[in-house]
1. If the requirement is being farther than 18 Å from residue 106 by Cα, among the hydroxyl-bearing types (Ser, Thr, Tyr) and touching a residue at least 40 places away in the same chain (Cβ under 8 Å), which of these qualifies: 14, 96, 77?
2. Test residue 35 against the stated conditions and say whether it is in a loop (DSSP other than H, G, I, E, B), small (Gly, Ala, Ser), open to solvent by less than 60 Å² (accessible area, probe 1.4 Å) and touching a residue at least 40 places away in the same chain (Cβ under 8 Å).
3. Which one of these is over 16 Å from residue 9 (Cβ atoms) and in contact with a strand residue (DSSP E or B) (Cβ under 6 Å, 6 or more places away or on another chain): 79, 59?
4. Looking only at the range 103-112, filter to residues that are surrounded by fewer than 20 Cβ atoms within 10 Å (Cβ to Cβ) and not small (Gly, Ala, Ser); which one of those is farthest from residue 51 (Cα to Cα)?
5. Would you pick out the residues in the range 1-32 that are open to solvent by less than 30 Å² (accessible area, probe 1.4 Å), under 13 Å from residue 77 (Cβ atoms) and among the β-branched types (Val, Ile, Thr)?
6. When only residues in the range 77-102 that are open to solvent by 40 Å² or more (accessible area, probe 1.4 Å) and modelled with pLDDT under 95 count, which is farthest from residue 37 (Cα to Cα)?
7. Look at the range 72-89 and say how many of its residues are in a strand (DSSP E or B) and either touching a Gly at 6+ places or on another chain (Cβ under 6 Å) or aromatic (Phe, Trp, Tyr) (or both).
8. Residues in the range 56-74 that are surrounded by fewer than 18 Cβ atoms within 10 Å (Cβ to Cβ) and closer than 11 Å to residue 34 by Cβ: how many?
Amino acid sequence: QVQLVESGGGLVQTGGSLRLSCAASGSIFNIAVMGWYRQAPGKQRELVATVTSGGSTNYADSVKGRFTISGANAKNTVYLQMNSLKPEDTAVYYCTVRHMGISYWGRGTQVTISS
């Protein structure tokens, strides 16, 4: 089992920045992918960004150039630096990891951007 704990959400104004963190713990042998998804009210959960154990990253078009994902493999931690935030970035952000073929999810952290 892998447990995920997210932190760093909050309320900021348009144009502001936030940094999300997610720490994985438990019986961890090989995390292949770590990433972030988000879900806004009334919408489906969507990909924000992922990073592989090899350092390859993938971003949703809506966040490219504004968000940066990074992982600290040795610490089983993933970060999401979010800059130039917009009201449409408001959502619950979920951390996810792919470990031994199984996807695990955190409980989510609320990010709210005021206009």
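1. Result of the check over 14, 96, 77: 14.
2. In short, no.
3. Every option except 59 fails the conditions.
4. The qualifying residue farthest from residue 51 (Cα to Cα) is 112.
5. Hits for the range 1-32 are 2, 31.
6. Residue satisfying both the conditions and the ranking: 100.
7. Looking only at that region, the number is 2.
8. 4
The values are calculated or read from the model by the stated rules, or taken from the named source; none is laboratory data. Please read all numbers here as calculations on a predicted model, not as lab measurements. We place every Cβ from the backbone using ideal geometry, glycine too, and count neighbours over all the protein chains shown. The accessibility values were calculated without ligands, DNA or RNA, using every heavy atom of the protein model including side chains. Shrake-Rupley method; radii C 1.70, N 1.55, O 1.52, S 1.80 Å.
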